[in-house]
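Enquirer: Quick one: structure below, then a few questions.
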Amino acid sequence: MSESQSRYSIVERLTETKLGIIHAKSQLDEEAKTKEQKIEQLKKDLLDWNNEAAQETERTKRQKQREIERAEIDYKNAKERKNSKEKAFDEKLSAIDEALKRIEEISKTSPTINQ
């Protein structure tokens, strides 16, 4: 009986060892699969990041272009206001010059009164 029990324990230990090896082998497969999935996720993250960066760059570019367009419109409006004001000032200066000429002509033809 002891010989049968001894064979039974050897078979039991060998079976446990075999199961341990099978489990360890499956763990290797799981670990490799997990690392492969991590690589795929990192690649996907990089692709997403590239797409987001490209979209952000395009948004920033459009925003800068709108800022340039607004600045050009502001410049054009300022230039038109400047020209308009210069014209108004020139007209006022011309009117003043004309008034001064008339006063000068009146002064030449009018007798001066001394007190």
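What follows is calculated from the coordinates using simple rules that are stated; it is not laboratory data. Because the structure is a prediction, the values reported are computed rather than measured. Methodologically, a virtual Cβ is constructed for each residue, glycine included, from the backbone with ideal geometry; neighbour enumeration extends over all protein chains shown.
Enquirer: May I ask you to evaluate 6.51 cos²θ - 1.76 cosθ + 1.60, the Karplus curve with θ = phi - 60°, for each residue of region 12-24 and list the ³J(HN,Hα) values in order in whole Hz, giving x for glycine and proline?
Expert: 4, 5, 5, 5, 5, 4, 4, 5, x, 5, 4, 5, 4
Enquirer: Another question about this same structure. Which value in deg cm²/dmol, rounded to the nearest 500, describes the helix-derived mean residue ellipticity at 222 nm for the chain, given -39,500 (n - 2.57) per DSSP H run of n ≥ 4 and division by the residue count?
Expert: Numbers: 1 runs with 108 residues, N = 115.
One gets -36000 deg cm²/dmol as the mean residue ellipticity at 222 nm.
Enquirer: Same structure again: Within a Cβ distance under 14 Å of ALA53, other residues only, what is the Lys/Arg minus Asp/Glu net charge?
Expert: Net charge in that neighbourhood comes out at -3.
Enquirer: Just checking my list (1) 27; (2) 43; (3) 76 against percent of Cα pairs over 23 Å apart computed from this structure; which label fits?
Expert: Only one listed value fits the structure, namely (3).
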